[in-house]
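What follows is one structure encoded as structure tokens, with my remarks underneath.
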Amino acid sequence: MVKVLILYAPGINCNLETKIAFQTCGANVNEITIRRLEQKPSKLLSYDILVLPGGFSYGDSISSGKILSVYFKEFLRETVLDFLKRNTLVLGICNGFQVLLKSGLLGNGVTLTENANGRFEDRWVSLRVTDSNCVFTKGLNIIELPVAHREGRVIVEDVKYNRVLAYIGDNDEPIMEYPYNPNGSNNAIAGICDNTGRIFGLMPHPERFFLSNQYPGMWKDGIPHGMRIIKNAVDWVRERKV
Amino acid sequence: MRRIEIKRKDKIRGERIKQDMHDLGLSANSVEVLDVYLLYGDITDKQFEKIVEIVMDSVYEEWGLFEFPENARVIEIALNPGVMDPVAIDSLEVARKLGIKLDGIKILKKYIFYDTDDKTINLAKGRILLNPLIQHVVKGEEKLEGKIESKQKTPTVDLPSMNSEELLQLSRTMGLFLNQEEMKVISIYFSKEGKNPTIAELETFGILWSEHCSHKTMRGNVKILNLGAERKPRTFTKVRGGSEIRNLLKSTIMKVTEELKKPWVLSAFKDNAGIIEFNDKYAVCFKVETHNHPSALEPFGGSATGIGGVIRDILGCGLGAKPIANTDIFCVGNLDQSYSSLLKGVLHPRRILRGIVAGVADYGNKMGIPTINGSVTYHRDYTTNPLVYCGCIGMMPKNTVDKQVNNGDLVILVGGKTGRDGIHGATFSSGVMDETTQSEFGSAVQIGDPLREKNLLDALLIAREKALYNSITDCGAGGICTSVSELAEGIGVEVQLENVPLKYKGLSPTEIWVSESQERMVLAASGKNLKELKRVFDEYGSELTVIGRFVNSNRVKVRYKEKVICDIDLKFLIHGMPKIAKKALLPIKKDRGEGSKKIDKKFDKNLDVILMKMLSHPDIASKEWIVRQYDHEVQGATVIKPLNADAAVLKPLFIEGNKGIVVAHGLAPFYEDSYNNAASSLDEAVRNICATGGDPSQIALLDNFSWGNPEDQENMGKLVRACEALYDVAIVYSMPFISGKDSLYNEYESKNGKQSVPPTILVSGIGIIDDVNKTVTQNIKFLGNPVYIIGHTYPELGNSLLHRILQFSDGEEPDIRPERAIELYKRLYMSIKEGMVVSCHDCSEGGFGVALAEMCFGSGFGLQINLDNIPSSGLREPFSILFSESNSRFILEVDIKKKYEFEDIMTGVSYAQIGDVISTNKLIINNLLNIDITKLETKWKSKKL
């Protein structure tokens, strides 16, 4: 059985749909509060996938995901590094992505800030998957998912990073222009993966597109794209366990 | 005190201020915005560096104590003492958790203007940057206030010795808004009790007997002064006997529910929200509130706490429901109004609209509840009194609908801490506003803290699942005073106020008792569950405190330490208010003439100009700029999203099967006759649900009135007529009302006289839908499909959008023909369910013409329409046919393969095929109009803030 830990922190709000999406893919999912995990970090070590779901952890006070990333670094860093030594995966969605970036798990010199228009933005976007070793995006090319955030603009200093998801325009090329690129992200970055391909963070919400009736309009193109991202993760662990 | 100034590496925030200034005709060369953290307390340099690391982003920001050149002018803005700052609270908590012992943190906004004169900066400050009710410009050193002293001193009032005049004067000076008769009854009560009331006791009466809490107008009697007046357009029910209506609400709106006896209505007009059955396991509840007065003074805080308040209604409904969706409906003044025309103390409609949208977005999004339905209506008479309606829908297991406080249960306060914010909110919203309102009731303004409420929500739903408490209600208007008194009804309660956790020192006991600080609720729980309750609330970061006990005394007894500050007979407090009959003058029927005679042939040639004008009218223009700021998809349940259809459809993920919920609303304040206005609002709500595929036999309704001063006899007459209209239509539609709320006194007094809002009735509808996949959106979908209109068009252009644009004041307003309408809705439901209809849109403001254009937007197709076949009476001119606003009409795109089946279903009601979907992206109407959809769409999308 693939075991998934969904980390609940105050202000997180996409935990339920993330849980149901993973369950739909056959995973065994537990939701654990940060308070419990801080008390006993070793709990994490019995899981295969750690998911940081979307929402506004600690109200996004100071900046999005910042306070949770501080706690992550202060209280959970060692355990997470131990966790990663095994064949495990980490997925950060929206606020979870913000936490991964600000706690340095996806490298330094990259961060997320307010959308260029200064406003929260809920819309469906087209994305292109870059061919890479990222476990989560295997077999995907052009996909559609919804974004919903106020701080999703990726800012990169001059560093190497692994862009696996890019906002694209009508010609399927990465784009800076609003509303295709809904937040003004540098280099049209929508998602980043670490070098191992096992830690993945993205602004769009795969858990909001695991059922065909979540798509605006009629969906006829097979497995919903969000489902494919989540399924990739669950299948990858399952194959390694057999 | 140490100081951290944080600067971002780009100037986007400053550019935005510059743009806002530009919109006001002010110019600045360049503007910079900095965040300033003030750290109070003794900390080491190392600890200081740690805090810098926490509050600053090292990639995107830099910190320092910056110096600015000579051409720069700097102002710093801080929150007033007692105004809550969630970011400061949370930052302090992180620091403390990391072992840094700070006394406090304050956060300032620092604005730097380059090459800008003082006059411009002052205007920008007044119109954009500062609201003196909650903020001030920093002068000198900003202090951390640990204690904010109460001004209240007087312990008791010698009420029994006062004469009527003095009683009324006391009511005024204390801001109780109680009238002479009510004050007299209270005075007699205290004489009998043999004591002089305390301030807290008088405040308690002021709150529980306020219009806001007791709805004494709607639940009171009405004396009709002109019974013989003809009731236009007609009254379906027999004219009620006599000139006195006993309990207006009960004899109209609630009567619908009572007479219909729907078995699926589980609770109506009793709890914090109305409750209907969803399936054999679950129930759905729905409540809509107004938060008008606070939003007029502080738009962001007003709407945020509005949404926060209605969410707590849902959390406090039954034993607590899980909120699954929010709605928001705004009415504001015209955006292009000049600043010079604004009355003193009134904010500009642009600032109000931006603020209330941002408030809902911030609070609703952070609560993780999708905002799925809403609208904005503009009218000059909303300038001084903007309306903000906030709704929330929840789901709960059916066995948690009932609650019961037991003798001996603990009174438990959960959620946020108590401060001086929101004192007098209940009474303040029960009176009219004027230019002194700002200074007198500034304390009624509140800032929301969504994180505190989210923690409360999460903890509460776990505690409910574990059945750890027996009853619950929210702290809304009147705070602990109202919620504890209401919960204690039929039992009695003793409260110890010194146990209430405070935000800062210095509150008087009375202030603690009546404070309306947000994010708090009250539970009644058995002592044996206290330990587990504490564990759950602690795990989810929410505070929980025992503040008293429910005891069999039938009294509200409140102490601060040893001192009794309030001791009142509960039965008298809740039921002792004298019933006062308000006087009403019914509106007299006016002959409005046929209207539209002036529209002759010459207009026909300008159809494109007129249509574009209508599409760019703010009421019609796309609200996409607002909708996108709301998370409408969190919880993953939004099957039909806003922007796509007349109603939203939800299928909660935690429910098995395809059953779902459909939600919509209607609002037609532009119709002058309150009967037409109410009937059309109701019809629009139902139409919107049916256009999406809702089942007309499973719809429940909510009413929300926003009215001018009910002491005015004509206002009262209009209210009576509106209530009658809701009864007349709902009874025929067989749709029960399950909840409602009225906000009267939406009036502003100034030297130039009184300005009140147009009578505004919001009707919200919620329907249960058997299969969420059998629903339709509004945009046309397949080339070659036939397009139909169903419903009959009459010469009803009075106060229509066309007439308002052309400034014509004549013409009959839309009537309602409920028997015919409901027949149509049933057939529409069948045809959508059977998959015959692929898209559907109702005709409302702007009529048939506007609806046609809206169906084309974003579709990639066009429509070829022939007006000749439209079923209508008394209409010839194409303009009248296109823009009449007759109720109960829809445009449908029908699957060409099911055309004949569809026509079979519609036989016997007014319907006609009026055209087809065409491949060119054009709207073509006879030989009158041939226009590119993109041209229309650009106009439609041209209005945004």
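The values are calculated or read from the model by the stated rules, or taken from the named source; none is laboratory data. In this text the structure is predicted, and so the values were computed from the model without any measurement. Please note: Cβ atoms are built from the backbone with ideal geometry, for glycine as well, and neighbour counts cover all protein chains shown. Side chains are part of the model used for accessible areas, which takes the heavy atoms of the whole protein and leaves out ligands, DNA and RNA. Shrake-Rupley method; radii C 1.70, N 1.55, O 1.52, S 1.80 Å.
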*asked:* Which of the numbered conditions does B:ILE480 fail, given that it passes all the others? Conditions: (1) crowded, with 24+ Cβ neighbours inside 10 Å; (2) under 24 Å from A:PHE56 (Cβ atoms); (3) at pLDDT 95 or above.
replied: (2)
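One line per residue, one yes/no per condition, for (1) assigned to a helix (DSSP H, G or I); (2) within 21 Å of B:ILE761 (Cα to Cα); (3) not acidic (Asp, Glu):
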site	(1), (2), (3)
B:ASN279	no, no, yes
B:PHE286	no, yes, yes
B:PRO294	yes, yes, yes
B:GLY308	yes, no, yes
B:ASP313	yes, yes, no
B:GLY318	no, no, yes
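Residue-wise test of (1) crowded, with 24+ Cβ neighbours inside 10 Å; (2) within 14 Å of chain A (Cβ to nearest Cβ); (3) assigned to a helix (DSSP H, G or I).
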site	(1), (2), (3)
B:ASN326	yes, yes, no
B:ILE329	no, no, no
B:ASP336	no, no, no
B:ARG351	no, no, yes
B:ARG354	no, yes, yes
B:GLY364	yes, yes, yes
B:ASP381	no, no, yes
*Output the number of residues of the range B:366-379 satisfying the condition of being β-branched (Val, Ile, Thr), more than 10 Å from chain A (Cβ to nearest Cβ) and within 28 Å of B:LEU457 (Cβ to Cβ).*
2
*Scan the range A:149-169 residue by residue and report those that are part of a loop (DSSP other than H, G, I, E, B), within 14 Å of another protein chain (Cβ to nearest Cβ) and modelled with pLDDT under 95.*
A:GLU157, A:ASP158, A:VAL159, A:TYR161
*Counted residues, the range A:170-228 - those being in a loop (DSSP other than H, G, I, E, B), surrounded by 21 or more Cβ atoms within 10 Å (Cβ to Cβ) and hydrophobic (A, V, I, L, M, F, W, C)*: 3
*On the given criteria, is A:GLY217 free of Cβ contacts under 8 Å to residues at least 40 places away in the same chain and either within 14 Å of another protein chain (Cβ to nearest Cβ) or among the small types (Gly, Ala, Ser) (or both)?*
yes
*Could you please give the count of residues in the range B:849-870 that are over 37 Å from the mean Cα position of the chain (by Cα) and open to solvent by less than 20 Å² (accessible area, probe 1.4 Å)?*
3
*Can you name the helices (runs of 4 or more DSSP H) wholly within the range B:11-114 that have at least 2 residues being within 14 Å of chain A (Cβ to nearest Cβ) and within 27 Å of A:LEU76 (Cβ to Cβ)?*
B:45-55, B:86-97
*Out of all the residues in the range A:107-118, is one or more open to solvent by 10 Å² or more (accessible area, probe 1.4 Å), assigned to a loop (DSSP other than H, G, I, E, B) and more than 13 Å from chain B (Cβ to nearest Cβ)?*
no
*asked:* Among the residues of the range B:124-143, are any farther than 26 Å from B:VAL346 by Cβ and surrounded by 15 or more Cβ atoms within 10 Å (Cβ to Cβ)?
replied: yes
_Residues of the range B:889-925 satisfying the condition of being in a strand (DSSP E or B) and open to solvent by 40 Å² or more (accessible area, probe 1.4 Å)_ = B:TYR911, B:GLN913, B:ASP916, B:LYS922
*asked:* Restricting to the range B:481-514, name every residue that is of a type outside the set (Asp, Glu) and in contact with a Leu (Cβ under 7 Å, 6 or more places away or on another chain).
replied: B:THR482, B:SER485, B:ALA488, B:GLY492, B:VAL500, B:PRO509, B:ILE512, B:TRP513
*Return the only residue of B:ASP646, B:ASP631 being more than 9 Å from chain A (Cβ to nearest Cβ), surrounded by 24 or more Cβ atoms within 10 Å (Cβ to Cβ) and touching a residue at least 40 places away in the same chain (Cβ under 8 Å).*
B:ASP646
*Has the range A:31-50 got any residue that is within 14 Å of chain B (Cβ to nearest Cβ), open to solvent by 20 Å² or more (accessible area, probe 1.4 Å) and within 24 Å of A:ILE189 (Cα to Cα)?*
no
_Just the residues that are among the acidic types (Asp, Glu), surrounded by fewer than 24 Cβ atoms within 10 Å (Cβ to Cβ) and within 13 Å of another protein chain (Cβ to nearest Cβ), please, taken from the range A:52-86._
A:GLU74
*Count of the range A:3-26 residues which are within 19 Å of B:ILE655 (Cα to Cα) and open to solvent by 10 Å² or more (accessible area, probe 1.4 Å)*: 9
_Against the condition touching a Gly at 6+ places or on another chain (Cβ under 6 Å), open to solvent by less than 70 Å² (accessible area, probe 1.4 Å) and closer than 27 Å to B:PRO132 by Cα, how does B:VAL74 come out, does it pass?_
no
*For residues that are in contact with a strand residue (DSSP E or B) (Cβ under 6 Å, 6 or more places away or on another chain) and within 11 Å of another protein chain (Cβ to nearest Cβ), scanning just the range B:763-775, find the one that is most open to solvent (accessible area, probe 1.4 Å).*
B:THR775
*Is it true that some residue in the range A:29-37 is in contact (Cβ under 8 Å) with a residue 12 or more places away in the chain, over 17 Å from B:GLU93 (Cβ atoms) and of a type in the set (Asp, Glu)?*
yes
*Go over the candidates B:ASN406, B:ASN399, B:ASN385 one by one and state the one that is assigned to a helix (DSSP H, G or I), farther than 18 Å from B:LYS651 by Cβ and not hydroxyl-bearing (Ser, Thr, Tyr).*
B:ASN399
_Suppose we keep only residues that are assigned to a loop (DSSP other than H, G, I, E, B) and at pLDDT 85 or above within the range B:562-605. Which one would you say is farthest from B:SER191 (Cα to Cα)?_
B:PRO587
*Which numbered condition trips up B:ASP895, out of (1) at pLDDT below 95; (2) in contact with a strand residue (DSSP E or B) (Cβ under 7 Å, 6 or more places away or on another chain); (3) over 25 Å from B:GLU845 (Cβ atoms)?*
(1)
*Residue check, B:GLY811 against (1) free of Cβ contacts under 8 Å to residues at least 60 places away in the same chain; (2) in contact with a Leu (Cβ under 7 Å, 6 or more places away or on another chain); (3) over 30 Å from B:GLN698 (Cβ atoms), all met but one. Which one?*
(1)
*1 or more residues farther than 27 Å from B:ASN326 by Cα: qualifying strands (runs of 3 or more DSSP E) within the range B:730-841*: B:747-750, B:753-756, B:786-790
